[in-house]
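Take a look at the structure below.
The values are calculated or read from the model by the stated rules, or taken from the named source; none is laboratory data. Treat the numbers as computed from the prediction; the structure is a model and nothing was measured. Backbone-built Cβ (ideal geometry, glycine too); neighbour counts: all protein chains shown.
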Amino acid sequence: MYKPRFDFGKEFDPSGEQTGTVKDLLEELNYEKFKTAAGTHAERGDSNGTSVTFDSLSGVFEFLNDVTGMSQPKLAQDIPLSTLKTVKLLYVTNDTNDTQLFRLLKSPLRGGKPSLEFYTTETPSRNQKGIAIVDHLLSTLSIEVDPAVLRRINISFLTYPKLLECIAQENLEILEPIYERHHGQSASIAKAIAHLAEAVKHYKPMPHRSDRPLPEALYTYLRILPFLNFVGEYQEVIELSRVGNQVDPILDKIDNFCSELSIAMQSEVHHNTPITSVEGFPAFVDSNSLALAKLVQHATGIASERRDILKIVNASSKVLCSYVHHEWGIISLDTKNITVVDCIATLCTIRHQQKVKTNYSAYWLGQEQSDKGTSVLRQMDDARSSEELFEHDYIPHGINQLLFSRFNQFHMAITGKTGRYSAWMELQLARLTKYAECYQSNDVSICDDAVQRFYEYCTREAIKAADIA
């Protein structure tokens with residue numbers, strides 16, 4: 001019975017003392033690739049093809065050198081068994097898939113093309129092939145990662161949506177001295193946040209080399225990769241989303257509208273009073289479409305009539321879904337948490353997109369030509385409901401981020417807080433960029449330490465910024 005030596009789970013050696021050579025690995029790869037004449041001595045592989053040679057592994061060694069700094073071993077050099085298993089895993093995975101594996105796994109910090117559609121252990125409706133490949137690598141590598149280290153990695157490197165939630169919470173904690181010192185003073189808050197953003201941009205995480213077992217180092221790298229992809233393309237999307245000085249503050253007009261609503265609803269309504277839900281938004285627009293059209297026109301300068309507003313209710317509802325998801329997570333869409341300003345901001349967002357016609361095409365390696373849409377509003381799929389978004393995730397993530405960013409810009413601009421939002425976004429981008437730089441090691445303990453040092457630095461600088469402003 002044939003027994004492979006270089007498969008994960010076979011001859012597991014926690015001590016790391018067992019060794020082998022690349023020559024041994026090549027013999028095993030070729031044995032598995034070619035069946036004997038009787039076809040009984042090899043358990044798998046193709047009966048035809050060329051032999052696997054030392055040069056066949058060059059792509060694997062180049063990738064590992066880029067990721068971990070590992071030098072290419074000599075043919076007969078003794079190296080850890082776990083290293084040879086990792087080399088085999090990468091070679092076979094690349095050889096048996098039609099995806100360019102090492103291009104797929106290239107970090108945006110090392111020249112890879114970032115993608116908001118890069119996931120691991122997730123099930124969105126796009127990039128299924130890439131997700132399956134990375135899932136396979138992670139599940140295989142985890143077999144020979146120390147269980148205690150594995151638990152720490154899985155705690156430290158959350159899926160990137162959860163990691164973003166943690167970073168958002170950190171941001172609130174860091175900014176607390178500024179908000180307390182300048183409560184109610186939007187201009188002072190904006191100045192302090194802008195000062196903090198500049199300080200964050202100049203922060204340099206301390207470089208550290210690590211010498212972890214190769215399966216652990218690669219597992220850590222793959223767990224970090226989705227976040228690095230997010231940060232890389234998120235910066236591009238935010239630049240694409242910028243509205244600039246195209247919005248006029250209309251808080252006085254919104255307050256007049258709220259006074260009329262107060263009479264109609266027989267209860268006091270202010271611009272920040274929750275008055276409807278995502279589910280109730282279409283009915284609210286239908287009842288107030290003429291007034292809302294005028295407010296949108298005042299804010300954007302785009303001629304808008306009742307019919308123009310009614311045509312964009314579906315797309316606007318989906319922007320509100322993104323807002324609700326960012327603020328409250330997955331909750332019932334009949335929750336009454338939408339204000340008058342929310343309604344106007346989302347209508348402005350879609351009306352503005354109709355005018356500027358920003359194009360966006362989601363990217364992931366191996367996508368089909370049919371996947372490459374460019375029209376933002378068309379990709380929002382007007383025929384599908386907002387309720388389906390949480391379950392089927394049918395809008396590309398870049399479009400959600402682009403329109404949600406615009407929604408926030410309109411939200412701040414129409415209430416006269418443009419400077420504050422601009423400063424906040426500069427801080428957000430700076431924090432994400434430096435967070436990614438803290439994750440350049442393949443050693444979880446080094447990454448944890450780098451993140452903690454960065455948090456402490458930001459906290460100190462926020463106190464300074466509050467005093468300066």
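Details
Yes/no per residue for (1) in the same structural domain as Arg209 (by TED's automatic domain parsing); (2) closer than 30 Å to Leu347 by Cβ; (3) aliphatic (A, V, I, L, M):
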| residue | (1), (2), (3) |
| --- | --- |
| Leu403 | no, yes, yes |
| Phe407 | no, yes, no |
| Gln428 | yes, yes, no |
| Arg431 | yes, no, no |
| Ala436 | yes, no, yes |
| Tyr439 | yes, no, no |
| Asn442 | yes, no, no |
| Cys458 | yes, no, no |
| Glu461 | yes, no, no |
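- Members of the range 157-179 that are of a type in the set (A, V, I, L, M, F, W, C) and either part of a helix (DSSP H, G or I) or closer than 23 Å to Ile463 by Cα (or both): Leu163, Leu164, Cys166, Ile167, Ala168, Leu172, Ile174, Leu175, Ile178
- Residue match in the range 123-130 (condition: within 14 Å of Leu222 (Cα to Cα), assigned to a helix (DSSP H, G or I), at pLDDT below 95 and under 21 Å from the mean Cα position of the chain (by Cα)): yes
- Answer residue from the range 131-146, given it is crowded, with 20+ Cβ neighbours inside 10 Å and either within 15 Å of the chain's Cα centre (by Cα) or of a type in the set (D, E, K, R) (or both) and is modelled with the highest pLDDT among those: Glu144
- Highlighted here are the helices (runs of 4 or more DSSP H) found entirely within the range 187-303 that include at least 2 residues which are in contact (Cβ under 8 Å) with a residue 12 or more places away in the chain and within 30 Å of Arg460 (Cα to Cα): 214-241.
- Test result for Ser82, assigned to a loop (DSSP other than H, G, I, E, B) and either touching a strand residue (DSSP E or B) at 6+ places or on another chain (Cβ under 9 Å) or of a type in the set (Ser, Thr, Tyr) (or both): no
- Residue in the range 338-346 that is charged (D, E, K, R), surrounded by 18 or more Cβ atoms within 10 Å (Cβ to Cβ) and in contact with a strand residue (DSSP E or B) (Cβ under 9 Å, 6 or more places away or on another chain) present: yes
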